[in-house]
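See below for the structure under consideration.
Derivation of every value follows stated rules applied to the coordinates shown; laboratory data play no part. What you see is a predicted model, and the numbers here were worked out from it, not measured in a lab. Glycine also receives a Cβ, built like all others from the backbone with ideal geometry; neighbour counts cover every protein chain displayed.
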Amino acid sequence: MSLVIYNTLTRKKQEFIPTNKDEVKMYVCGPTVYNYISVGNARPIIVFNMVRNYLEFLGYKVKFVQNITDIEDKIIKKANEEGVHFSVITERYTKAFLEDLKNLEINNFYFMPKASEMIPDIILVIEKIIQNGFAYVAGGDVYFDVSKFKNYGKLSGQDINEMLSSEEESFSKRNKVDFTLWKSAKPGEPSWDSPWGKGRPGWHIECSAMSIKYLDYGLDIHGGGIDLVFPHHENEIAQSEAAFPEKGDFVRYWMHNGMIEVKEEKMSKSKGLKEEWILRNLLNKYSPNIIKMYILSTHYRSPLEFSIEKLEEAKKAIEKLLNFLRNLIFLIKSVKKDSSTQSNYSNSNSSSSYSSNSNYNSNSNVDILIEDKEFYENLSDDDKKIFLYIKQFKQEFKKSMDDDFNSARAIGELFNFIKKLNTIIQSPDFNINLIKTESLVIVYDILINYTKVFGFNLEKELKLFEISGKKDISKDKIKDIGKDLGKWLDDAEIKELIKQRDLARKQKNFKKADEIRNKLSSYGIILEDRKEGTIWKRELVNQ
């Protein structure tokens, strides 16, 4: 089965055929930086990171661009409310967003341009649209003339005849559905020079300019939340194809993730965010793996309910997966390797140290070995089952992901695979030996590498587990490892947080006190409240 994608444009699943055979050009709308991002904003980030990962799993080279909107009405409104320059707001929340991406362990973007850095490119695109007769200048404003673009509404299914009206939203617009490409400067607002006077770009035009600048015209995949279909993505199509009418379709496959909902309403920054919705607060309590498990356990196009209970379920799922891998490690290490009796199917990239191959498609030789009848018939019954389960899992995993990136079903197959393997290794009759150890090394490699498609970094958590019980490792070494893994706070930082927590408790701000405790806990710091004060210890190591 080849990969099929649900295309919002055609409203059906279609076989994925990129413009270039081995390369995929993918653009995803990023955040408007006027507040911290919520878990709702994180959904498209996690979803399209998974999409990128699976395309790479299939062997494609992916050029993945995600923008940052740092010019927009909401940013200006926030700056006015705080009485600061708009750049103070954008710098604050851009920095926070990049920190969130780092903590979420999502990176390797081809480019991440900002709207404010694209003004000359935006102006060039607008000029092309005007020259081609699809836009008009009214004073210092430039509007896209929707009536001139025959295919307007093809993405969202909107009927242009119903939208067009002689009623004017502003005195300078011909029709209320016409949208702004360039806004004339208002007192106190950020502005740039243009052929039409000082002003700033409209929201929609930036994405056209950015994607064409960094990926050239003709994207394979354009993604974003379902709330962007209209008007944002509809307007992107109109303005891009109006600027380059000779180049055909702007995008081949439009992908949209469903919203995260709270009591049948979508989660929205503009409506205000509760503390528990903010991603960075959740990352103080839950690991990136847990957040991703929560998001990807539901198909990306379906609505997703936000609840702490569902996050706790995801936490249990990750712990179940980690426990299984720890059991594999224990079994692998329990057999002392003898180089003179190495198995003839040992993976050259794996060993008793259970080091994982970084290639998604590790152990591809497993399928070949299963087809080797002479080799297969000489295996024990347990090894035959292990190899059979491996083959079945690989087939079902790919089948699930090829069906419009069905991560929910693929995760189900993952736990079905573990369940089957547990019936073998937890059996009273199971005896570990060299041959079985090699089989388990292959299982380990497959689990580590296939779960990288979801963005999981299981080896990081396993490494933390491994070092936590070592008594012969120096404190300096532990500190270095902890810092490398992003799980270390210096003593002074810990004491300052405890001081803040004590103050919060005195002020009866128990919510803040709990948040600080949870943050410390995420770094492996355990608190004990005593009559004489709060004492702490590191859970990460034996002190």
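For the pair residue 186 and residue 95 in one chain, pulling the backbone fully straight at 0.36 nm per residue adds 30.0 nm over the alpha carbon distance.
Only Cα pairs under 8 Å and at least 6 apart count here; give the relative contact order of segment 22-285 as a rounded whole percent.
Details: 420 pairs, mean separation 64.6, N = 264.
Taking the mean separation of contacting Cα pairs over the length of segment 22-285, I get 24 percent.
The residue 124 and residue 14 beta-carbon pair, evaluated with R₀ = 41 Å, returns a calculated FRET efficiency of approximately 0.80. Once the Cβ-Cβ distance between residue 534 and residue 110 is put in as r, and R0 is 51 Å, what FRET efficiency do you end up with, to the nearest 0.05? Working from the Cβ atoms, E equals 0.60. For the residue pairs 292/452; 315/537; 12/213, alpha carbon separations beyond 18 Å are given by 315/537; 12/213.
Spin-label pair residue 334-residue 87: with each label point 7 Å from Cα along the Cα-Cβ axis, the two points sit 6.3 nm from one another. A simple spin-label model places pseudo-atoms 7 Å from Cα toward Cβ; at residue 262 and residue 399 they are separated by 4.0 nm. Here segment 22-285 carries DSSP beta bridges of which approximately 45% are antiparallel, counting only pairs with both residues inside.
With kT/(6 pi eta Rh) evaluated at 37 °C and eta = 0.692 mPa s, and Rh the Kirkwood radius from Cα pairs, segment 22-285 diffuses with a coefficient of 170 µm²/s according to Stokes-Einstein. Entry note: segment 1-136 has Rg to Rh equal to 1.03, where both radii use alpha-carbon atoms and Rh is the Kirkwood radius. Expected output is a single nm value to one decimal: the length gained when fully extending between residue 377 and residue 193, i.e. 0.36 nm times separation in residues minus the C-alpha distance. What is it? Gain in length upon complete extension: 58.6 nm.
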